[in-house]
Every structure is written in C-alpha cells, then in structure tokens.
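Before I ask anything, let me first share the structure, which is written out below as structure tokens.
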Amino acid sequence: MKTKFRNYRKGKRFSDDFHKVSVFLKHAMLDTTNGRAFEWIRWEFAHSHPYTDLTQLDKIGIWESETGEIVGLATYENKLGEAFLMTDPAYFQLREAMLEYALVNLCNDQGKIRVYINNNDRELQLLARAKGLRPSQHRDVLSVIEVSDKISYTLPEGFSIFSMADECDYPRIHDVMWKGFDHGDDVPQTPEEHEMRRIMFSGPNHTHDLDIITKAPNGEYASFCGGWYDPASQTGQVEPVCTHPDYRKMGLGKAAVLECVIRCGKLGAKRVYVGSSQQFYYNIGFDPVETHTVWE
C-alpha cells in the first residue's frame, strides 16, 4: 500500500496535527500488536508538560495513507534523543523506514538515541539490532489494575478528598507537586508557575473530574493524582502522582490513586494503567503487564 511521508506541522500547542495524531493513537491503542508504549494519553500529557521541547516538533515523522489518514508515527516524548514508533497494523512494512528515520532525525545534540521497543516485538528487535542498536538495562514498565467494586481506601481523620473540578487552587497544586516530586522546600510561587500548572492539565481530552487531591486538616494539599479516561478502549490512566513529603506513609497517595480508579470505573473503564513499576503501585493492586526495553 502506498504511503506519503511528511513532518509534523508546528503550530499552537494543540494544533490540527496534534489532533490528527491523537486520533491515530486512539485507533492504534485498540490493537495489541503496538502495545501501549505511546498511547494518546501520553502524547497529550507530553504536549501539556512544561519540560517538553515544543520547538522540535517538526522533527516528528508522519506517514499517511493515500486517503490522508496517519498510519505511522516516529516521535519523541519530551525531547530529542528518544523515539517511539507506532504503526497501523496494516502498514507494518513501514517500520524499518520509520526506525531509519528516527536514527537520523530524532537523535539529541550528541548524536545519541534511545528507542523504546516492546519486549514481545521480536521483529522490531531484530530490525534494531541490524541497525546497530543494543538493548540496555533501562525499562519502561506499564502496570494495570482491574476496576471492581471491591476497591476501597480510608482517609486519616480530618483529611478530605475531592477533584480539581470541585476546587482548583493552582498555588496549592503547584506546592504539592513541587514538593511531592522532591524539588525542595523553596517553591517558586509566581504567576508563570501557576500558568504552567494550568497548561499541564489543559489537554482537550482531559477532565478535572479525574484529577484527585487529598487535603490536610490545615488546608494544605497532601497528595495529587492526575487521571485520564478513554471511552473507546474503556481504559483509564493515572499520571502524574505525588505526595507531599510531610504526609507520606499515611495512605494518602493510595487514596488519591484509588479514588481516581473508582471514578474511571464509573465512566465505564474496565481497567486503569500507570506507566510505572514502583512497589507502591503493586502494593495497592496494580500488576506489571507490559515492558518496553530501551535500545541504545
């Protein structure tokens, strides 16, 4: 089948090409051959993230069918030097050309690249080895929890839980995320930082009903869990998740995550994913389901 290559067209953050890629990734996610290495949720969050380099978007490679539909994507997530390859199953013959494109165009300034390959994708592994790549010890693990009415949690006395749709205080959201990801106690509370947090959760497919916050009795935000839901595949995803250092080991991160899982279930989700292999997630009910190895 004939295809046409072009580069991603830069524009506003959520441009026409952004939406076209989102549609392709939603379709690709329904097929298990690709795995869930780079689903639309990851694509959308990357475009909302303050650390993503949006100046290099035109390096992203797109392959389209004769009817103009995207059938292949070679992209980075946050910055050049990493590559994810997603293909319509009917166009798997493109993958060698996509890998070659990534090796030339998605390298960082030092000429290095890390390609994420599903451990079950033997064909792509062999293509990567033939191109001089070798598997590393770095892994990208996806974990999953089945949604059920048995999922529950408890909060310590005096703590409350709600969503950003109920209360959206960006200075306090910035505080819990800054400290929760161990950036230190000196939190830069500026209008620019607050706007950055607003953009982080402004994706066109995102809803604040799934962004869960626990609050301490003194009004401080104690933990945070961002949530996403995809009706087509009936799956949810949690990203990002953090707990303020002063409130760890109290079950508050667990409460935020499981509340998000429960809400995804009410929307129709059968399962919820997280891109992590942290013991924390395994302890609260998630299991590892898919692993991608970084080839360098």
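Normalised by the number of residues in the chain, what is the relative contact order in percent for Cα pairs under 8 Å and 6+ residues apart? Please report the intermediate quantities before stating the final value.
Numbers: 555 pairs, mean separation 62.1, N = 296.
Reported as a whole number, the value is 21 percent.
Each residue of segment 264-273 in order: what ³J(HN,Hα) in whole Hz does its phi give by Karplus 6.51 cos²θ - 1.76 cosθ + 1.60, θ = phi - 60°, with x for Gly and Pro?
Karplus-based 3J(HN,Hα) across segment 264-273 equals 4, x, 5, 7, x, 5, 8, 8, 10, 10 Hz.
Mind checking the per residue accessible area of the chain for me, 1.4 Å probe, whole number of Å²?
Details: 13720 Å² over 296 residues.
Computed with neighbouring chains in place, this is 46 Å² per residue.
Considering the values [x] 20.9; [y] 25.6; [z] 20.2, which represents Kirkwood radius over Cα pairs in Å as calculated for the structure under consideration?
The listed entry that was calculated here is [z].
For segment 1-75, what is the relative contact order in percent, using Cα pairs closer than 8 Å and at least 6 residues apart in sequence? Please list the in-between numbers first.
Values: 83 pairs, mean separation 32.9, N = 75.
Worked out over segment 1-75, it gives 44 percent.
Another question, if that's okay. Would you mind calculating the gained length between T154 and F92 on full extension (0.36 nm times residue separation, minus the Cα-Cα distance), in nm to one decimal? Write down the numbers at each step before the final one.
Working: separation 62, 0.36 × 62 = 22.32 nm, distance 4.74 nm.
Here the answer is 17.6 nm.
Can I ask one more? Let me know the charge dipole size of the chain about its Cα centre in debye, to the nearest 20, where only the beta-carbon of Lys, Arg (+1) and Asp, Glu (-1) is charged. All intermediate terms of the calculation are to be shown ahead of the outcome.
Working: 34 positive and 42 negative charges, 149 e Å.
Taking the Cα centre of the chain as origin, the dipole is about 720 debye.
Mind listing the long-range amide H neighbours of S233? Cut-off is under 5 Å, sequence gap 5 or more, other chains count too, H placed in the peptide plane at 1.01 Å from N.
Excluding prolines and chain starts, which carry no amide H, there are no hits.
Restricting to segment 22-155, compute how many DSSP beta bridges are antiparallel as a %, nearest 5. Kindly include the intermediate steps, with their values, before the conclusion.
Numbers: 8 of 10 bridges.
That works out to approximately 80 percent antiparallel.
Anyone know which of E259, E66, E239 comes out most mobile in the 10 Å Cα GNM of the chain?
Looking only at E259, E66, E239, the biggest GNM fluctuation is shown by E66.
Moving to a separate point now. On the Cα set of segment 110-228, report Rg and Dmax in Å, please.
20.1, 59
Compute the distance from the alpha-carbon center of segment 45-121 to that of segment 197-251, in whole Å.
Taking the Cα centre of segment 197-251 as reference, the centre of segment 45-121 is 28 Å away.
Still on this structure, I have one more. Find which of G61, P191, G265 sits farthest along the positive direction of the dipole of the chain, computed with +1 on the beta-carbon of Lys and Arg, -1 on that of Asp and Glu, about the Cα centre.
With unit charges placed on the Cβ atoms, the residue in question is G61.
Additional query: Compute the relative contact order of segment 1-139 as a whole-number percentage, counting only Cα pairs closer than 8 Å that sit 6 or more residues apart in sequence.
Numbers: 198 pairs, mean separation 30.9, N = 139.
That works out to 22 percent.
To the nearest 20 Debye, how big is the dipole of segment 63-120 about its Cα centre, given +1 on the beta carbon of each Lys and Arg and -1 on that of each Asp and Glu? Numbers along the way, then the final one.
Values: 4 positive and 9 negative charges, 68 e Å.
About 320 debye.
The values are calculated or read from the model by the stated rules, or taken from the named source; none is laboratory data. Note that the coordinates shown come from a computational prediction; the quantities given were computed from them, not determined experimentally. Positions of Cβ are backbone-derived with ideal geometry, glycine not excepted, and every protein chain shown enters the neighbour counts. Only protein heavy atoms, including side chains, enter the accessible area calculation; ligands, DNA and RNA are left aside. Shrake-Rupley method; radii C 1.70, N 1.55, O 1.52, S 1.80 Å.
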